[in-house]
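One structure is given here, and the rest of the page talks about it.
Bear in mind these aren't lab numbers, they're just calculated from the coordinates by the rules spelled out. Note that this is a predicted model, so its numbers are computed, not measured. Don't worry about glycine lacking a Cβ; one is built from the backbone with ideal geometry, like all the others, and counts go over all protein chains shown.
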Amino acid sequence: MDKIEFLVLRSLLHNEEYLRKVIPFLKDEFFEDSDQRIVFDEISNFVTEYNNVPTKEVLTIEVGKRKDINEQQFKSITHLISHLDDEPAEFDWLVNTTEKWCRERAIYLALVESIGIADGQSKEKTADAIPSILSDALAVSFDNHVGHDYFQDYLERYELYNRKESRIEFDLEYFNKITKGGLPNKTLNIALAGTGVGKSLFMCHVASGVLLQGKNVLYITMEMAEEKIAERIDANLLNIDIQDVSGTPQQIFETKVNNLSKKTQGTLIIKEYPTASAHSGHFKSLLNELALKKSFRPDIIFIDYLNICASSRYSKMGNVNSYSYIKAIAEELRGLAVEANVPIVSATQTTRSGFGSSDVELTDTSESFGLPATADLMFALISTEELEELGQIMVKQLKNRYNDPTIYKRFIVGIDRAKMRLYDCEQSAQNDVLDNTREEEYTYEEKPKKSFDGFKF
């Protein structure tokens with residue numbers, strides 16, 4: 001009786017500090033032996049009902065009330081209980097050992113479940129759920145943090161307030177204003193626009209600007225081929241009209257790319273997946289592969305685009321509504337952002353009513369109103385005939401966790417569709433749209449350069 005399971009049961013009965021620490025993380029399925037599983041159930045039930053630790057005598061009485069055991073099993077369980085004596089063990093070692101055991105059991109059970117799913121034994125879950133199941137098991141840990149003590153932890157809080165948070169800056173003035181200097185790590189940021197308005201153009205432009213900052217960029221595409229995304233970024237960074245990229249002489253093209261590579265320490269990886277075939281589990285695997293094979297770790301991830309991702313929780317063909325499905329995708333992507341410690345930028349489609357509208361609202365989010373609840377920043381890209389003639393596009397804030405969204409609620413950005421670029425407009429372009437919105441002066445240490453500034457080709 002020297003297995004870890006016996007040690008856990010004995011410690012639960014005789015060490016209340018240990019019990020309070022670990023019991024929220026224990027599960028009955030972690031116990032392989034049925035007698036041990038029943039003893040744990042009775043301890044857990046007693047603690048839940050009476051908020052106290054049962055004695056061995058009380059535990060024996062409670063087991064005797066069960067209708068799912070026979071006389072022989074009762075004798076076996078009472079024999080087990082009688083040997084649960086108080087033999088103290090070093091507390092930290094005991095907790096760490098229990099945590100390791102819980103993780104190992106969770107992984108084993110996750111593998112068994114995954115094999116069953118792969119063999120078609122599960123009616124509720126598909127193979128797409130396997131990465132999430134395994135990921136949850138690997139993440140099993142005892143959380144030592146008990147919360148922030150308002151009065152005792154004030155210095156820690158003050159330092160946090162005054163700490164300069166690492167952010168990925170834009171090369172667009174008003175985007176830096178509304179985000180207070182750029183996108184923080186562990187966030188999900190979504191552009192909302194109709195077909196052809198500029199979702200991919202926006203992401204390609206921002207990706208180009210971040211690359212020029214010397215950052216590593218991962219661009220995941222499920223709408224266009226890798227080469228098409230690269231072509232758009234070529235137009236942006238190499239200062240070539242997109243229709244002329246393919247016709248550029250090889251020597252000139254090589255010279256431009258080589259000159260560009262000398263200007264930045266960053267790396268850009270573009271990865272294509274078939275539409276609706278990849279989810280956060282695939283993206284995690286990609287990150288691991290890139291780290292192992294290329295020593296590449298992204299500073300920011302672009303996913304083009306959210307609506308055509310898959311979910312690791314649900315099958316697209318399963319009995320799930322679009323609200324739950326899209327919301328699940330958003331939650332999984334934000335979880336990926338937290339796990340990878342990077343900002344994720346993605347996009348979503350407008351509804352039919354929002355398409356072509358001169359004013360887009362959260363209700364115009366295609367397929368899922370639950371998506372905005374998950375995003376940290378969400379904004380609409382709005383194009384009208386008048387704006388197109390001026391070479392402009394309007395940005396409207398829909399949700400903003402970084403700043404007051406009523407500050408620069410709407411603003412204008414220049415757009416050059418031939419070169420796949422966005423740029424800052426003259427202040428006069430903002431006059432009409434800023435009249436009915438709040439303005440706030442915001443300064444940052446150094447204004448980021450335009451993605452095409454400083455390059456001579």
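General remarks:
- Computed label-point distance, nm, for sites Asn258 and Ser34 using a 7 Å Cα→Cβ extension: 7.6 nm
- Given Lys180/Lys263; Lys294/Lys419; Lys125/Lys294; Lys177/Lys419; Lys262/Lys419, the pairs whose alpha carbons are separated by over 28 Å: Lys294/Lys419; Lys125/Lys294
- Among (1) 28.9; (2) 20.9; (3) 22.8, the entry derived from the coordinates for mean projected area of the Cα convex hull in nm²: (1)
- Computed E for Lys27/Glu289 - FRET, C-beta separation, R0 30 angstrom, nearest 0.05: 0.40
- Length gained when the stretch Thr48-Lys123 is fully extended (0.36 nm per residue, less Cα-Cα span): 23.8 nm
- Phi angles of segment 239-248 translate, via the Karplus equation with coefficients 6.51, -1.76, 1.60 and θ = phi - 60°, into HN-Hα couplings of 6, 10, 4, 4, 6, 9, 4, 5, x, 5 Hz per residue; Gly and Pro are given as x.
- Where GluC sites (Glu not before Pro) fall in DSSP loop in segment 150-219, at most 14 other Cβ within 10 Å: Glu165
- If R0 is 30 Å, the Cβ-Cβ spacing of Val338 and Tyr161 corresponds to a FRET efficiency of close to 0.90.
- Qualifying trypsin sites (Lys or Arg not before Pro) in segment 52-142, DSSP loop, other Cβ atoms within 10 Å at most 12: Lys65, Lys67, Lys123
- Local electrostatic count at Val58 - Lys and Arg +1, Asp and Glu -1, tallied over other residues with Cβ under 15 Å: -3
- Measuring r between the beta carbons of Glu57 and Ser141 and using R0 = 30 Å, the FRET efficiency lands at 0.30.
- Relative to the current alpha-carbon distance between Arg66 and Glu99, full extension at 0.36 nm per residue lengthens the span by 8.9 nm.
- Taking all Cα pairs closer than 8 Å and separated by 6 or more residues, the relative contact order of the chain comes to 17 percent.
- Built amide H within the under 5 Å cut-off of Leu268, gap 5+: Val217
- Take every Cα pair under 8 Å whose residues are at least 6 apart in sequence, average their separation, divide by the length of segment 165-434, and the relative contact order is 27 percent.
- Simple spin-label estimate for Glu16 and Phe151 in nanometres, 7 Å along Cα-Cβ: 2.5 nm
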